[in-house]
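The values are calculated or read from the model by the stated rules, or taken from the named source; none is laboratory data. What you are looking at is a predicted structure, and each value in this text was computed from that prediction instead of being measured. Positions of Cβ are backbone-derived with ideal geometry, glycine not excepted, and every protein chain shown enters the neighbour counts. SASA here: full protein model, heavy atoms, side chains in, ligands and nucleic acids out. Shrake-Rupley method; radii C 1.70, N 1.55, O 1.52, S 1.80 Å.
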Amino acid sequence: MSAKQEFVEQAKAGKVLARKCTKCNELHLSTVYFCKNCGNKGFENAVLEGRGSIATYTIITVPPAGFEKYTPYAWVVLQLDNSELRVSGFMANIATPADLPVGTRAKITGFDERGIIIEKQ
Ligand SMILES: [Zn+2]
């Protein structure tokens, strides 16, 4: 299974597949070749809970082709609990900022053509 497929499978289970530096334990998202902290090339998988709070987001009112049926939605940045990592993904039915205050608790609930699916917790 490719790293991308593994990431998708974990997202479907509500988790985030991260890469942990074997030298300094710094966590990174997706495929990295060098640790951004120490330059080490060795990594091992670390599976994190896909829960956290909304750090920021963009409400999409003019969607890309094929995404018209999903509007309104937001492209959100989720700050994971107990980690510096942030993941971005799709949240349905967000039309105005009142629908989603920054800091709202949220979690990963799946992965499909929209990317990572994030829902309010
Ligand atoms: Zn490192």
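What do you get for the angle between helix 3-12 and the principal long axis of the chain? Use alpha-carbon atoms, 0 to 90 degrees, nearest ten. Between helix and principal axis, roughly 50 degrees. Sites listed here are trypsin sites (Lys or Arg not before Pro) in the stretch 11-77 whose DSSP assignment is loop and whose Cβ has at most 12 other Cβ atoms within 10 Å: K36, K41. For L29, the solvent-accessible surface computed with a 1.4 Å probe is close to 50 Å², ligands and nucleic acids excluded. A Förster radius of 22 Å combined with the Cβ-Cβ distance from V102 to T61 puts the calculated FRET efficiency at roughly 0.70.
The residue list N82, Q121, G110 was ranked by how far each Cα lies along the charge dipole of the chain toward its positive end, using unit charges on Cβ atoms, and N82 comes out on top.
Over the stretch 15-98, with every protein chain in place, what whole percent of the accessible area is carbon and sulfur at 1.4 Å, could you tell me? Summing carbon and sulfur atoms, their accessible area is 51 percent of the total for the stretch 15-98. Put simply, the convex hull of the Cα atoms in the chain casts, on average, a shadow of 7.8 nm².
The chymotrypsin sites (Phe, Trp or Tyr not before Pro) found in the stretch 1-102 that occupy coil by DSSP, while having at most 10 further C-beta atoms within 10 Å, are Y33. Rolling a 1.4 Å probe over the heavy atoms of the protein chains gives the chain an accessible area of 57 Å² per residue. Of all segments of the chain bounded by GluC sites (Glu not before Pro) found in a DSSP loop with no more than 11 other C-beta atoms within 10 Å, the longest spans 1-83.
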